[in-house]
Amino acid sequence: MPVLTLDPTSWFCSSTPDCAHPSWIQELLFPFQEPNNKYDKIAQPVFLPIAVFTSILTFNVSYLYLRRYRPMMFVPLAIGLTPLLGLLVGIMPKVVLAVDKTSDPDLVAKLKSAATMLDRLNMLTDEQLVYNFTSNPKYSWHPGSVCNANAATWPVLSTVGVTVAQLNLGPCAMLAPHFHRADNLVVAINGTTNTYMYQENGARIVEQTLTPGMMTIFPRASVHTMYNTGCENNQLYSFLNDADASTVNLAQAFFMLPDDIGLTVMPFIELSNGNWTATGQAIPQVGTGSQAGFESCLAKCGLSSSGYGSTGPVVMG
């Protein structure tokens, strides 16, 4: 289950890595920023003053009629706050889980039980044979995202054995060290992306710099990471030979283990049980799959880590 943070900055959805799109409140306060999708254009800068004005007007009018009845004094307050509370409910951030949830389990089951490819084709409409990465709930450039087309998000792939992921890295954004249970080919579309890979015990670190048109491979279960070294958006595509390739982020996984195991493996960190938990909670959330990168890069691009996202409890599906 996801863990929500009580940090008020989480209301600014693009500033928290577990939100896919800017919240309405961000567009109300920062209308000059370009929204991520058509739904973010619903909220307009006039909504907030209208809600406030309506609340004040409703309160005053209802107070004039009910002030003589003391038991009813709380009624105008409740009535007056209703429009404002309604707006606040509408702007609450849309939480995105760190894992893909199966979009149509029934269709997946039918496709897997079909005897022939023709039977499967007859179960699908033309529209179901097209996947739009930008419609993925994780799609974001703040700081970035990993949008998977796999058995969960696109049922047609449930019998194919392939995952295709769109990797969106905003300025200085990175993918934390992780691994998959599948071989992974990554192709750069634009920008410059640095990658690091550690295949197994005894292997060397493999470092690559990907520019448009270049590709690298991360063999099954190899630990790898990548980051955008520039101040522009980078996009890459990842191809995995499993429709359920999964992702394990090393830092989050390590701190999910009992503290006595972690402290035995790394006794030099000298963390008590409470500090172990606090340290695990301070790891940037998995969120949409990307996180803000190095401070030196952020400073070069005129950004800050707080401008991309706060840290908090690990979001697990």
Check: Would you pick out the residues in the stretch 218-258 that are of a type in the set (Ser, Thr, Tyr) and closer than 28 Å to SER158 by Cβ?
Finding: SER222, TYR237, SER238, SER246, THR247
Next item on the list: Look at the stretch 89-126 and say how many of its residues are in a helix (DSSP H, G or I), modelled with pLDDT under 90 and in contact with a helix residue (DSSP H, G or I) (Cβ under 8 Å, 6 or more places away or on another chain).
Entry: 1
Margin query: Please count how many residues of the stretch 183-232 are touching a Ser or Thr at 6+ places or on another chain (Cβ under 7 Å) and of a type in the set (Gly, Ala, Ser).
Written below: 2
Next item on the list: Any residue in the stretch 274-287 that's in a helix (DSSP H, G or I) and among the hydrophobic types (A, V, I, L, M, F, W, C): show its pairings with residues that are at pLDDT below 75 and surrounded by 15 or more Cβ atoms within 10 Å (Cβ to Cβ) at Cβ separation under 9 Å, as long as the two are six or more apart or on different chains.
Entry: ALA278/LEU271; ALA282/THR311; ALA282/GLY312
Note to self: Could you go through the stretch 201-209 and let me know if any residue there is surrounded by 17 or more Cβ atoms within 10 Å (Cβ to Cβ) and out of contact with any Leu (no Cβ under 8 Å at 6 or more places or on another chain).
What the structure shows: yes
Checklist line | Count of residues meeting criterion [buried (at least 23 other Cβ atoms within 10 Å of the Cβ) and farther than 12 Å from PHE239 by Cα] in the stretch 148-173 | finding: 9
Notebook entry, point to check: Only one residue in ALA278, ALA292 is small (Gly, Ala, Ser) and farther than 23 Å from SER145 by Cα. Which one?
Noted result: ALA278
Checklist line | Number of the condition not met by THR264 [criteria: (1) among the β-branched types (Val, Ile, Thr); (2) farther than 29 Å from LEU303 by Cα; (3) touching a residue at least 24 places away in the same chain (Cβ under 8 Å)] | finding: (3)
Checklist line | Test: LYS101 is touching a residue at least 12 places away in the same chain (Cβ under 8 Å) and more than 25 Å from the chain's Cα centre (by Cα) | finding: no
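The values are calculated or read from the model by the stated rules, or taken from the named source; none is laboratory data. All of these numbers come straight from a predicted model, not from anything done at the bench. Reconstructed Cβ throughout: ideal geometry from the backbone, glycine too, with neighbour counts over all protein chains shown.
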